[in-house]
Amino acid sequence: MSGFKILFANLYDLLLLIAIWFVAAVPFVLWQGKEFTDNPTVTLAFQIYIVAITYVYLTYFWIQSGQTPGLRTWKLQLVTEDNRLLSRHSANLRFIFTILFFLIGWLGLFFPKQQLLQDRFAKTKIVHTQK
C-alpha cells in the first residue's frame with residue numbers, strides 16, 4: 001500500500017477537522033470575548049475543548065466503521081492487527097499515541113511496513129479496502 005495514500009487521507013481528515021474546529025471555536029470565543037487570549041486558564045480550557053472535539057470526531061469513525069471520511073475517500077480502513085474494528089480501548093490508545101507522536105508519527109511511512117508510529121504502538125494498521 002502506498003504511504004502517500006495514508007498521508008493524503010490524513011491530510012483530508014485534517015482539512016475537515018480544521019473546518020470543525022473553526023465552527024466549534026466561534027461560540028467559545030464569543031462567550032469569552034476580549035479576555036479570551038488574556039486569561040491562561042481560558043486558553044487552556046479552549047485547548048482541552050479542541051482536543052475533546054478531535055477525540056470525538058476520530059474515535060467515532062474508528063469504532064463505527066474504521067473509516068474516517070479521509071480514509072473512506074482513499075479506500076482505506078483502520079483495523080486492529082487481527083483485522084477487527086477498533087474497540088473503545090484500542091481507539092483511546094491510538095488517539096493517545098497520535099497526540100504523543102503528532103510530529104514524528106509520519107516517519108513510519110518511510111519504513112518498509114509503511115505504518116504510522118501510532119499504529120505500531122496501538123497495535124493497529126491501515127489496510128486497503130474495496131468499499
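The values are calculated or read from the model by the stated rules, or taken from the named source; none is laboratory data. In this text the structure is predicted, and so the values were computed from the model without any measurement. Because the Cβ atoms are built from the backbone with ideal geometry, glycine has one as well, and the counts that use them run over all protein chains shown.
Here are the numbers for this structure:
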| read-out | value |
| --- | --- |
| Qualifying positions in region 17-65 - of a type in the set (Phe, Trp, Tyr), out of contact with any strand residue (DSSP E or B) (no Cβ under 6 Å at 6 or more places or on another chain) and modelled with pLDDT of 90 or more | TRP21, PHE22, PHE46, TYR49, TYR55, TYR57, TYR60, PHE61 |
| Boolean, TYR55 is within 17 Å of LEU11 (Cα to Cα) and in a helix (DSSP H, G or I) | yes |
| Tally, over region 17-33, of residues that are surrounded by 14 or more Cβ atoms within 10 Å (Cβ to Cβ) and within 21 Å of ARG72 (Cβ to Cβ) | 3 |
| Of all residues in region 101-130 being among the polar types (S, T, N, Q) and closer than 11 Å to VAL79 by Cβ, the one that is modelled with the highest pLDDT | THR124 |
| Residues located in region 100-123, provided they are closer than 14 Å to ASN10 by Cβ, in contact (Cβ under 8 Å) with a residue 24 or more places away in the chain and either surrounded by 19 or more Cβ atoms within 10 Å (Cβ to Cβ) or among the hydrophobic types (A, V, I, L, M, F, W, C) (or both) | TRP106, LEU109, LEU116, GLN118, ASP119 |
| ILE63 being over 22 Å from PHE111 (Cβ atoms), surrounded by fewer than 18 Cβ atoms within 10 Å (Cβ to Cβ) and under 14 Å from the mean Cα position of the chain (by Cα) | yes |
| Exclusive hit being among the charged types (D, E, K, R) and either within 15 Å of TYR12 (Cβ to Cβ) or under 14 Å from the mean Cα position of the chain (by Cα) (or both), set ARG88, ARG84, ARG94 | ARG94 |
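So that you can scan it fast, the table gives a plain yes or no per residue for (1) hydrophobic (A, V, I, L, M, F, W, C); (2) free of Cβ contacts under 8 Å to residues at least 24 places away in the same chain; (3) at positive phi; (4) assigned to a helix (DSSP H, G or I):
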site	(1), (2), (3), (4)
LEU7	yes, no, no, yes
LEU17	yes, no, no, yes
THR43	no, yes, no, yes
TYR49	no, no, no, yes
VAL79	yes, no, no, no
ARG84	no, yes, no, no
ASN92	no, no, no, yes
